[in-house]
Every structure is written in C-alpha cells, then in structure tokens.
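What follows is calculated from the coordinates using simple rules that are stated; it is not laboratory data. The structure presented is a predicted model; accordingly, all values stated were derived computationally and were not measured.
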Amino acid sequence: MRGLCCLAATLAFGAVLARAPAVSAGVEVTVVSASGAPVADAVVMLSAAVPMQMAAPALHATMVQENQQFVPFVLPVQVGTTVDFPNLDPFRHHVYSFSAAKRFELKLYSGGETQTVLFDTPGPVALGCNIHDNMLAYVYVTPTPFFAKTDAQGRATVYDLAPGAYTLTAWHPDLRGAPDPTATEVTVDADGRGQARVTVTLKRERRQRRPGAFDESGY
C-alpha cells in the first residue's frame, strides 16, 4: 500500500511538472551609454534578416495620466496597437502629439475618462499636454513584434525568436546620431537564445519631467 501511495504521489508530481509552463528562452540585451552607465527606457528591437509575414496585432496598451505625469515615460508598442489614455487625475488633461509617426489631439477630458488612439505608423511619438507643459512621454511604434524595454540596469529580454540571423536596433528619447546608429547583427541559436550589448550616445535631457508649481484646479 505504501508503495502504491508513493507511486501515485510520483505520478501526480510528474503531472504537475508536465502542466507547468516552460521558461522561454530569449535574447538578452544590455544597453549602456558611452561612459558605460546602464540606460533605462531604451527600446530594443530585433528584425529578421528574411522578413516574416506577421498578422496585424489586435492589441491594447495603456498610457496613464496620473499625478500630472504620463506613465510610463516610454511605451513601446507594435504597429497596429490601440493605446488607451485614461486620465486618473482629478482635473482635465489635453493630450497631443505633433510627431510625424502620429499626429493627434485628445481635447480636454476629465479625470476618470479614457480616450484611445490607434498607432499605425512606425516611429517615435512624443506626447505632451496643452495644460501642463511639464508632462512628457513617448510612444515608440515598432514595425517588428520582437521588442522590449530596458530596466534600470539597462537590461531587456526579447522572447519567442526562431533560430537565425537578426538585426538589433535600439531607440531612446535622448539618442544622438543617425536613425539607426545602433544597428548590429545578432544570431539566435537553436534554443532561441542570444546575447547582445549596445552602446549609445545620449543627448542631455532638456525638458524636466516633474509636476508644475501652478494651480491646475481650474482645468
């Protein structure tokens, strides 16, 4: 009886393992500045040497307005993604962009309301608020589904890549140089793994990202 119980427990444990999701391999990317410091909020993208046919995503992402700030500061999305812009502040915001990749305007709307924008052209989209000049953020629209954003340590992992050759590029709001100064080749092995290190030259941040000092209660 004890042997049967042990066998049952072993089979049950094996079934749990079989149901557990496998840990996905990925390409680990590190982005650093010219001084060697880690760079946060960099968007890293991998494009296959042989272009792949990808279905248009039916995806949503969120750019929050809260505490008189956009959150997150950088939001990477794939082409075809709809972004929700909820206003969680107790006053109104007026979101806009003059960027070539997406020009739009969300006129004054109250706290608790949400408006949406479809991002259908690749490239960086700088966001501002007509009421609060200190508010600044970016949506980066990628042409590839293989992308990620670096953390505070300058690290990001891009998942679900088939083995083969890819071109890696990185973007950051303060990037200095040509459109793709970071382009480098990456090989993904048979296990879906790879590594890359990218060095970028950044401009000095010119616009403060902090709440203003004036009274916005009238808005």
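Structure values in brief
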read-out	value
Residue-by-residue Karplus 3J(HN,Hα) for region 135-148, coefficients 6.51, -1.76, 1.60, Hz, glycine and proline x	6, 8, 7, 9, 9, 10, 9, 9, x, 10, x, 9, 8, 7
Dmax and Rg, reported as Rg then Dmax, of region 75-132 (C-alpha, Å)	11.5, 33
Stretchable slack from Glu105 to Ala183, in nm (0.36 nm times residue separation minus alpha-carbon distance)	24.8 nm
Region 68-78 - phi-based ³J(HN,Hα) in whole Hz, Karplus 6.51/-1.76/1.60, Gly and Pro as x	6, 9, 8, 9, x, 5, 10, 10, x, 9, 7
Taking region 101-177 and dividing mean pair separation by its residue count, relative contact order in percent (alpha carbons under 8 Å, at least six apart)	19 percent
Convex hull of region 108-166 built on C-alpha atoms - directionally averaged projected area, nm²	6.8 nm²
Cα-based convex hull, region 23-163, per residue volume (Å³, whole number)	145 Å³
